[in-house]
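Scroll down for the structure; my scribbles are underneath it.
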Amino acid sequence: MLSKLLYIFIAVLLLASCSRVKKSQNRIQGTWEIVSYRQTDVAGFTEFYDAVGTITFDEDTDNTFTYVEDYTYQGASGPIIVQRSGIGTFTNDFGMDHQLDFVLPITITLNNCTFRLITKDDLKIEQRGTQFTHMLVLKND
């Protein structure tokens, strides 16, 4: 009897976790306008930039999504254009943490990425690389 209850409990947990990922996929799907962008280096120095552009999410499979960045911000030596795309993979059952595998223009993986806030119209994402942490606040029209 106890083992049956244990199996039922595990099955319920698995079903609940799958729905969280699916819910996150549905919430992020679409094209989002960048509202703010900040970059923090490994020493903790933070710079805020005026960024103009979009980030687009589309559902790919049950656990992945396609990801496209297309934005520009003013760097110290002039405008910096960011155009890259790849696949995001959810790394936990809560639908918040993910990994980004960029394939264009160069192959690079960001292992520690998080959706910090998801509402109907607002999304905050954090991308942690080896040299910088990028925090982007997005708005869906």
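Values in this text are rule-based calculations from the coordinates and carry no lab data. These numbers were taken from a predicted model, which means no experiment stands behind them. Note: ideal-geometry Cβ built from the backbone for every residue, glycine included; neighbour counts use all protein chains shown.
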Calculate the FRET efficiency for D122 and S77 from the Cβ-Cβ distance with a Förster distance of 41 Å, rounded to the nearest 0.05.
0.85
Would you mind computing Rg(Cα) / (2.2 N^0.38 Å) for the stretch 65-119, counting N as its residues?
1.30
Charged-residue dipole, Cβ positions (Lys, Arg, Asp, Glu), the stretch 10-141 about Cα centre, Debye nearest 20:
320
Around I87: net Lys/Arg minus Asp/Glu count, Cβ-Cβ under 12 Å
-3
Number of Lys pairs in the chain closer than 15 Å at Cα, excluding neighbours under 8 places apart unless interchain, is 4
Highest to lowest packing among 36-43, 24-31, scored as the average C-beta count within 10 Å
24-31, 36-43
Using 0.36 nm per residue, how much length does the chain from R20 to T56 gain when fully extended, once their Cα-Cα distance is taken away?
11.0 nm
I'd like the distance between the alpha-carbon centres of the stretch 106-141 and the stretch 47-94, rounded to an integer number of Å.
7
The stretch 37-141: C-alpha gyration tensor shape, a/c 1.5 cut-off, then a/b vs b/c:
rounded
